[in-house]
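The values are calculated or read from the model by the stated rules, or taken from the named source; none is laboratory data. Just so it is clear, the structure is predicted and the values come from calculations on it, not from any experiment. All Cβ positions, glycine included, derive from the backbone under ideal geometry; neighbour counts span all protein chains shown.
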Amino acid sequence: MGSATSSMAAKFAFFPPDPPSYKLYVDESSGKMKMSDVSHQTENVDVMKLSTKRGNEIVAMFVKNQSATLTLLYSHGNAADLGQMCHIFTELSHHLGVNLMGYDYSGYGQSSGKPSEQDTYADIEAAYKCLEEKYEVKEEDTILYGQSVGSGPTVEFATRLPGLRAVILHSPILSGLRVMYPVKKTFWFDIYKNIDKIPLVNCPVLVIHGTEDEVVDFSHGKQLWELCNEKYEPLWLKGGNHCNLELYPEYLRHLKKFISAIEKIPRLQNVTQLKTDQVDASSNSSDNKDKARSSIDHKEKPRSSTGQREKSRLSTDNRDKSRTSTDKRERSRRSIDRSGKPRNSTDQMEKARNSFDRLGDMVRSVGLCNVDCLKPTASEA
């Protein structure tokens, strides 16, 4: 098992730009933190450091749009950092009319630590916590955007947010291992098991993928879209590869269309609907038991209203015995229901979560390259 993990760690690796494309400094005139060698840092851009629950300090940037009602939390792809993404972030914020939070994973840019799957989960959580606490962004006004390897923390975090407004997956992966090999099942040592988690996402999902993607095959995006609960019209960019989708006019047009559609959805619709579904699912067995009780109650009411119990104790005793056996069956039914139906949906979610949570520290060093550096490895394999 240890050798398998080491082998996977050797094949899957994060590739932060080395050296980082920017440095941090404090502007004397404004007292604000800024990134050096980066243009497009206007006054509406905040740069900050955030602490994660795994002990790292990550760099994040928030682009404020005064007319925005929605906020994108953007998880970028591999071999990139905030210095390279800053221009794209400011342009997306402007053209889509949204606020945008971007962040560097642990070990990327000027973020401390070393990149790993579990650290990226802590990183996106820290960025979201900042949105909530510093910028007072609500869950139902948040859209998660995951590009390539960033689809991993995006999909995983989306399963934790029942009121999330929407998700955008840009050249997403089914899982780390499936980028390298066309496996048909999920192995314990795999990473970013999006194929198993995407059915747990209960908000509209837009998938964007290039048909000529040379790093993450087009089939990844298609299969993820097919597995979505709330499918939005996907964008399959003909001839698009892994790194140039933003250059297609259709890319921005489709994103605008999606944002416009999402803005028209009432803010609490997803939350209310999900809570209703959860209540319905958890009360199914209770409803069945109530129906059983109701039928028994109906039988008991005439019996108590006729006064026949005083006339025939023998008849009453027989009914009591019958009721006792009915109660035993009900208690048996309840125990089965408690151990069965109410837990089904929860168990499925827990099994899905446990399937990747139990990897733990065994695969902390396992990552995924989402650029051309994967190609030589694939050809060697």
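Data overview
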item	result
Whichever residue in the range 1-44 is aromatic (Phe, Trp, Tyr) and in a loop (DSSP other than H, G, I, E, B) and, among such residues, is modelled with the lowest pLDDT	12
Total residues in the range 108-126, condition outside any loop (DSSP other than H, G, I, E, B) and of a type in the set (S, T, N, Q)	2
Residue in the range 84-107 that is farther than 17 Å from residue 18 by Cα and assigned to a loop (DSSP other than H, G, I, E, B) present	yes
Subset of the range 65-93 (residues that are touching an Asp or Glu at 6+ places or on another chain (Cβ under 7 Å) and not aliphatic (A, V, I, L, M))	69, 71, 81, 83
Failed item, numbered, when residue 197 is tested on (1) buried (at least 19 other Cβ atoms within 10 Å of the Cβ); (2) in a helix (DSSP H, G or I); (3) in contact with a helix residue (DSSP H, G or I) (Cβ under 8 Å, 6 or more places away or on another chain); (4) free of Cβ contacts under 8 Å to residues at least 60 places away in the same chain	(4)
Pairs with Cβ under 8 Å, 6+ apart, first in the range 240-268 and closer than 22 Å to residue 148 by Cα and in contact (Cβ under 8 Å) with a residue 60 or more places away in the chain, second in a helix (DSSP H, G or I) and among the acidic types (Asp, Glu)	252/246
Scan of the range 152-199 for residues that are within 10 Å of the chain's Cα centre (by Cα) and basic (Lys, Arg), ordered by number	160, 197
Residue in the range 214-231 that is modelled with pLDDT of 95 or more, surrounded by 19 or more Cβ atoms within 10 Å (Cβ to Cβ), within 16 Å of the chain's Cα centre (by Cα) and not in a helix (DSSP H, G or I) present	yes
Complete set of residues in the range 180-189 that are touching a helix residue (DSSP H, G or I) at 6+ places or on another chain (Cβ under 7 Å) and touching a residue at least 24 places away in the same chain (Cβ under 8 Å)	180, 186, 189
Pairs with Cβ under 7 Å, 6+ apart, first in the range 87-98 and surrounded by 15 or more Cβ atoms within 10 Å (Cβ to Cβ), second assigned to a helix (DSSP H, G or I) and not β-branched (Val, Ile, Thr)	88/246; 96/255; 96/256
Test: residue 131 is buried (at least 24 other Cβ atoms within 10 Å of the Cβ) and of a type in the set (A, V, I, L, M, F, W, C)	no
Count of residues meeting criterion [surrounded by fewer than 19 Cβ atoms within 10 Å (Cβ to Cβ) and either farther than 18 Å from residue 99 by Cβ or in contact with a Ser or Thr (Cβ under 9 Å, 6 or more places away or on another chain) (or both)] in the range 235-253	12
Answer from 123, 141 - the residue that is touching a Leu at 6+ places or on another chain (Cβ under 7 Å), charged (D, E, K, R) and buried (at least 19 other Cβ atoms within 10 Å of the Cβ)	141
Residue in the range 200-213 that is farthest from the chain's Cα centre (by Cα), counting only those that are surrounded by fewer than 24 Cβ atoms within 10 Å (Cβ to Cβ) and without any contact (Cβ under 8 Å) to a residue 40 or more places away in the chain	212
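Here's the yes/no breakdown for (1) under 23 Å from residue 207 (Cα atoms); (2) touching a Lys or Arg at 6+ places or on another chain (Cβ under 8 Å); (3) free of Cβ contacts under 8 Å to residues at least 24 places away in the same chain:
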site	(1), (2), (3)
63	no, no, no
66	no, no, yes
81	yes, no, no
115	no, no, no
146	yes, no, no
